[in-house]
Amino acid sequence: MTLPRLDRVRPATRRPVTGVVVVLHGGRPEGHDAADGLRLPFLRMVPFARAVAAAGARRGVDVGLLRYRYRGWNAPDLDPVQDARWALRDVRARHGDVPVVLVGHSMGGRAALRVGGDDGVVGVAGLAPWLERGEPYAQLAGQTVLIAHGDRERMTDPRSSLRFAQRVATVSDRVARFDVHGDGHAMLRRAGAWHDLVTHFALGALGLEPFTEAVAKAMAAGDPEGLTVPLADP
């Protein structure tokens, strides 16, 4: 039987663990072949996990990179959603009721947003998330949410993530969305800016540092000004 796996990235050096960040990689609409760690969607999220771990390890932050059972979303089974909930249970079994931040890219962003209202989750970051019309958002009521999307995107639609952020802003006053000018789905042209944004958002959502000025201002502005913020370089 195929099982998901949560690979720990530079475990926290401080005990007890104060918080956990779970990183969810991308995939595709259908597919029951294994989502192994050699595929590009998984490998692209390794630097994100390492950046958060490097900044948070001494503050008690554990970081886990989730390996799904399958590559596909596989509706109606929603396999990565099931795997994300498995990861949350695994975190609770290891560390108890610690706060958790979810960071997901593409299909992983969709999965993270789907489970963003689950117990223990204190923040969700969706990076170039794959979102369809009618995507549920009520589960994110009162949640802390970050969405970022490149303007050279060819795989997922920035307009969809904007519409979704606008809906989430009707149920939460802690929503920020950034336009990453000059970058596409792989998040490589401005990798440092992506990594910095996610790292500080995760630590802020865990309550370990204030949100950056850009994120705090975007959340305070709300819709529309706070949902189309150009991402500056760190």
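For first residues located in region 210-232 and on the phi > 0 side of the Ramachandran plot, partners that are in a loop (DSSP other than H, G, I, E, B) and of a type in the set (A, V, I, L, M) and lie 6+ apart or on another chain with Cβ distances below 6 Å form the pairs Gly222/Ala169. Do we find that Ala176 is within 25 Å of Pro41 (Cα to Cα) and not in a helix (DSSP H, G or I) in this structure? Spelling it out, Ala176 is indeed within 25 Å of Pro41 (Cα to Cα) and not in a helix (DSSP H, G or I). Checking Asp118, Asp83, Asp62 one by one, the residue that is of a type outside the set (A, V, I, L, M), under 18 Å from Leu206 (Cα atoms) and in contact with a Pro (Cβ under 7 Å, 6 or more places away or on another chain) is Asp62 and no other. In region 15-28 there is no residue matching the filter, namely being buried (at least 23 other Cβ atoms within 10 Å of the Cβ), hydroxyl-bearing (Ser, Thr, Tyr) and closer than 27 Å to His200 by Cα. Which condition breaks for Ala148 when tested against (1) touching a Leu at 6+ places or on another chain (Cβ under 9 Å); (2) under 15 Å from Phe48 (Cβ atoms); (3) part of a loop (DSSP other than H, G, I, E, B); (4) hydrophobic (A, V, I, L, M, F, W, C)? Among (1) touching a Leu at 6+ places or on another chain (Cβ under 9 Å); (2) under 15 Å from Phe48 (Cβ atoms); (3) part of a loop (DSSP other than H, G, I, E, B); (4) hydrophobic (A, V, I, L, M, F, W, C), the lone unmet condition for Ala148 is (3). Scanning region 3-55 for residues that are at pLDDT 95 or above, small (Gly, Ala, Ser) and part of a strand (DSSP E or B) returns a single hit, Gly19.
Applying a threshold of 9 Å to beta carbon distances and a minimum spacing of six or more residues, or different chains, the list of pairs starting in region 167-193 at a residue that is under 14 Å from Arg152 (Cβ atoms) and ending at one that is in a strand (DSSP E or B) and at pLDDT below 95 is empty. Filter region 151-173 for residues that are part of a helix (DSSP H, G or I) and hydroxyl-bearing (Ser, Thr, Tyr) and give the result. Selection gives Ser160, Ser161.
The values are calculated or read from the model by the stated rules, or taken from the named source; none is laboratory data. A quick note: this is a predicted structure, and the numbers were derived from the prediction, not measured. As a convention, Cβ positions derive from the backbone with ideal geometry for all residues, glycine included, and neighbour counts pool all protein chains shown.
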